[in-house]
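**Q** Dropping a structure here in structure tokens format, bear with me for questions.
Each reported figure results from applying straightforward, stated rules to the coordinates on display, with no laboratory input. Treat the numbers as computed from the prediction; the structure is a model and nothing was measured. Heads up, the Cβs are rebuilt from the backbone with ideal geometry, glycines too, and the neighbour counts pull from every protein chain shown.
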Amino acid sequence: MKGKDLDGENIFITDNILHKVVACLKADRSGVLVGLTIRGEILITGCLSCDDITNTSQIETWLPGGISVKGEFNQSKNNKNLSFSEPIFHASLINHDVIISFDQQKTKPRTITLTEARRMLQDSTFSLKLIVNTKVDVMNNGRLSVRSENLISDETTFFVPSLNILIKSCDDGEFVKCFPKSDFSNGMEVKIVKSKSSSDNVAPVLSCQPSSHAVYQVPVRFDGLCYVNKDSSSNKIVTDLNMTLRCFLHSINVWLESYNKTSTSLPVLQFFDFNVPGWCHPVSICYPANQSDDDLAQYRRETLHPLFCESCERPIFRRANSLNLDKEFSKELLVNPHETLPCPKLVDGKVYTVHGLYSYHHYMQDNFNDNGWGCAYRSLQTLMSWFRHQGYTNKPIPTHHEIQQVLVDVGDKPKEFVGTRKWIGSIEVNNVLSEYLGVTSKIMFVSQGSELEGRGRELAMHFDNQGTPVMIGGGVLAHTILGVCFSETSGETRFLILDPHYTGGEDLKTIIDKGWCGWKRGSFWDQKAYYNLCLPQRPTLC
Amino acid sequence: MAKVTFKIILTSDPKLPYKVLSVPETTPFTAVLKFAAEQFKVPADTSAIITNDGIGINPAQNAGNVFLKHGSELRLIPRDRVGHS
């Protein structure tokens, strides 16, 4: 149903974000919708849940530059006195639909997919990376000194090294005239040229400020994202970059104030970018370097996950989830090779596969010859890679020897086991996952391979609820099961198999064409042999 | 000395025979496995113990811990592939 256009503005929102807003409204929680205006239309790129939406500047500090609050949602009251930088719309649930009201007019937002939304963002903006690598002055009452806050002012000038240009506010504000748009590309770095009160200073000036506080210098490094509308004036760009800077200073302030009350030392603060489900762009979160992910669990559970309308079921804001860390995922390993496969043709067949990402580990990788004996080890490595990709752990993938050592450490194998070519199976895989990652697994014992087809429904439920890859051992061979296609009407099952016995290179075409990753029938299994399956259980943690 | 009691079912036998074992709670679970395997006359190093719900048990625990976490009913299953090529 198309409502009347709001002053010619259409409001685009992804189905995921809309879903979150509906859930919040039903729970009587309020919050804001954020995004940007693109040629008169509003693209909503994310949503935040907060009970006090009058603290507008604080809310905006969670956002990258160029993204601002466009609307607020709440079911019970219509706030008229909000002081956001521009007029915003109000959204609430009417008859199970989200209805937007603005200036007496009502309309429904237009839902688009995340891919379409990201495309809209990409086509109409370019992203700048604001690099701040500096020291900020902190007084011993924990506050940033005023000198640091002077980073932001009308005189702040930004420098783009790759284009060798300066951006600053200027009177006519015409961005396009000065710098051809085509010279800008995504991810271009921008630095700050600190503001000076007078441009005629050539000699260093020493000043003494009597102060009742000692001042400490704390190094900080910040790569802030800023989305600049391609149609922007240079003044708007400076405003957006200043906003990015404000977010940075606010985050530091928050952590420093909390530290000041409890300790005598100041932490080094680091910024990480995270992909939040449903958002069109990453968000930057600041953590003190001396607190581990476990130390920060409460902060994530009580502040971050509720703020971003996320349940605490899976990790989103752990350092292992961040986009910046060079995760040391071997760039050579294939990730999710199964995705290009067409679905098996099964009447009423429904496909259930692993959630998220994994890397394909197999024989002969890392220049290690495990041909003939290492298949279960490789399947275990694939399972471990899933936990790394999804951010449950930062621990590196263990080598065969390290796996063997873990088994010795838990008492499962004698110490002579390390360095041998002895085989392992599902039980050992479970033991290593438990000891090395703290992950519990279910073991499914199948007395004959012919029965595996009959366990299709159980496996389907595993992929639905847990979504982790499964290691299967039996009949002398180990494999990884990435999914099943199960038909309710016929009970037939097809298995999506990733074979660790492959000895070739990381060539997706060969791997798919020769069936090293592919859908197999029940006949794939040794019908007489018994099998054990290791089904890792996803830890419920954030 | 406090003891814990387990009822261990041999799942590879269709008749599902079981044995009841009582061990001091500080016994390492690896020893419980060996003892159970002996009782059923199956090789210990090709056997494993899982819970009644099918959860794999980390052997680096003592019997008391396993009893608290998983209860007394356990299953003895044959391991897959422990040979040497």
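**Q** If packing is taken as the average count of other Cβ atoms within 10 Å, what order do B:18-28, A:35-45, A:404-414 fall into, highest mean first?
**A** On the way: B:18-28: 15.1, A:35-45: 20.2, A:404-414: 18.4.
Result, highest mean Cβ count within 10 Å first: A:35-45, A:404-414, B:18-28.
**Q** In sequence order, what are the phi-derived ³J(HN,Hα) couplings for region A:303-310 according to the Karplus relation 6.51 cos²θ - 1.76 cosθ + 1.60 with θ = phi - 60°, rounded to whole Hz, with x for glycine and proline?
**A** The phi angles translate into 10, 5, 4, x, 4, 8, 6, 10 Hz.
**Q** Right, here's the next one. Work the Kirkwood hydrodynamic radius out for region A:430-501: mean of 1/r over every pair of different alpha-carbon atoms, inverted, in Å.
**A** Values: mean 1/r = 0.0755 Å⁻¹.
Averaging 1/r across every pair of different Cα atoms and inverting gives 13.2 Å.
**Q** For A:Asp103 and A:Thr54 in the same chain, what is the full-extension length gain: residue separation times 0.36 nm, less their Cα-Cα distance, in nm?
**A** Details: separation 49, 0.36 × 49 = 17.64 nm, distance 1.92 nm.
Once the chain is fully extended between A:Asp103 and A:Thr54, it gains 15.7 nm.
**Q** Within 10 Å of each Cβ in A:410-416, how many Cβ atoms from other chains are there, averaged over the peptide? Kindly include the intermediate steps, with their values, before the conclusion.
**A** Working: counts 7, 9, 7, 4, 1, 0, 0.
Mean partner-chain Cβ count within 10 Å for A:410-416: 4.
**Q** Further question on the same structure: Starting from the exponent 0.38 and prefactor 2.2 Å, build the expected Rg for the protein assembly as shown from its residue count and divide its actual Cα Rg by it. Each step should come with its number before you reach the end.
**A** Values: Rg = 29.5 Å, N = 627, 2.2 N^0.38 = 25.4 Å.
With N residues counted in the protein assembly as shown, Rg over 2.2 N^0.38 Å equals 1.16.
**Q** Continuing with the same structure: Subtracting the Cα-Cα distance from 0.36 nm times the residue separation, let me have the gained length for A:His19 to A:Glu488 in nm, one decimal.
**A** Numbers: separation 469, 0.36 × 469 = 168.84 nm, distance 2.90 nm.
Here the answer is 165.9 nm.
**Q** Could you go through region A:32-46 in sequence order and give the Karplus-derived ³J(HN,Hα) for each residue, using 6.51 cos²θ - 1.76 cosθ + 1.60 with θ = phi - 60°, rounded to whole Hz, and x for Gly and Pro?
**A** Values, residue by residue: 10, 10, 10, x, 8, 9, 10, 6, x, 10, 9, 9, 8, 9, x Hz.
**Q** Ok, one more. Give me, ordered by chain and number, the residues 5 or more places off A:Tyr358 or on other chains with an amide H under 5 Å from its own placed amide H.
**A** Long-range HN contacts for A:Tyr358: A:Asn336.
**Q** If you don't mind, there's one more thing I want to ask. Given points 7 Å out from each Cα along the Cα-Cβ axis, report the B:Ala44 to A:Val335 separation in nanometres with one decimal.
**A** For the pair B:Ala44/A:Val335, the computed spacing is 4.5 nm.
**Q** A further question follows. Would you please give the residues with an amide H less than 5 Å from that of A:Val190, counting only those at least 5 places away or on a separate chain, with H modeled from the backbone geometry?
**A** Counting only residues 5 or more places away or on other chains, the set is A:Lys129, A:Leu130, A:Ile131.
**Q** When the Karplus curve 6.51 cos²θ - 1.76 cosθ + 1.60 is applied with θ = phi - 60°, which whole-Hz ³J(HN,Hα) does each residue of region A:106-121 get, with x for Gly and Pro?
**A** Those phi angles translate into 10, 7, 9, x, 9, 8, 9, 7, 4, 4, 5, 5, 5, 5, 4, 5 Hz.
**Q** Shape of region A:419-538 from its Cα gyration tensor (a ≥ b ≥ c, root eigenvalues): rounded if a/c is under 1.5, otherwise prolate when a/b > b/c, or oblate? Before the final figure, lay out each step's value.
**A** On the way: a/c = 1.39, a/b = 1.09, b/c = 1.28.
Note, shape of region A:419-538 comes out rounded.
**Q** Place the peptides A:236-245, A:515-524 in order of packing, highest mean first, counting for every residue the other Cβ atoms within 10 Å and averaging per peptide. Walk me through the numbers before you get to the answer.
**A** Values: A:236-245: 21.9, A:515-524: 17.4.
Listed from highest to lowest mean packing, they are A:236-245, A:515-524.
**Q** Can you give the average number of partner chain beta-carbon atoms within 10 Å of each beta-carbon in peptide B:46-58, as a whole number? Numbers along the way, then the final one.
**A** Values: counts 2, 1, 10, 2, 8, 2, 0, 2, 7, 8, 18, 6, 12.
Shielding by partners across B:46-58 averages 6.
**Q** Here is a further query. Identify all aspartates and glutamates with a Cα-Cα distance to A:Lys129 below 14 Å; exclude those on the same chain that are fewer than 8 residues away in sequence.
**A** Once the sequence-local aspartates and glutamates are set aside, what remains near A:Lys129 is A:Glu189, A:Asp223, A:Asp240, A:Asp273.
**Q** Ignore the peptide's own chain and count Cβ atoms of other chains within 10 Å of each Cβ in B:70-80; give me the average, rounded. List each step's numbers first, then the result.
**A** On the way: counts 0, 0, 0, 0, 0, 2, 0, 8, 7, 11, 25.
Across the residues of B:70-80, the mean count of other-chain Cβ atoms within 10 Å is 5.
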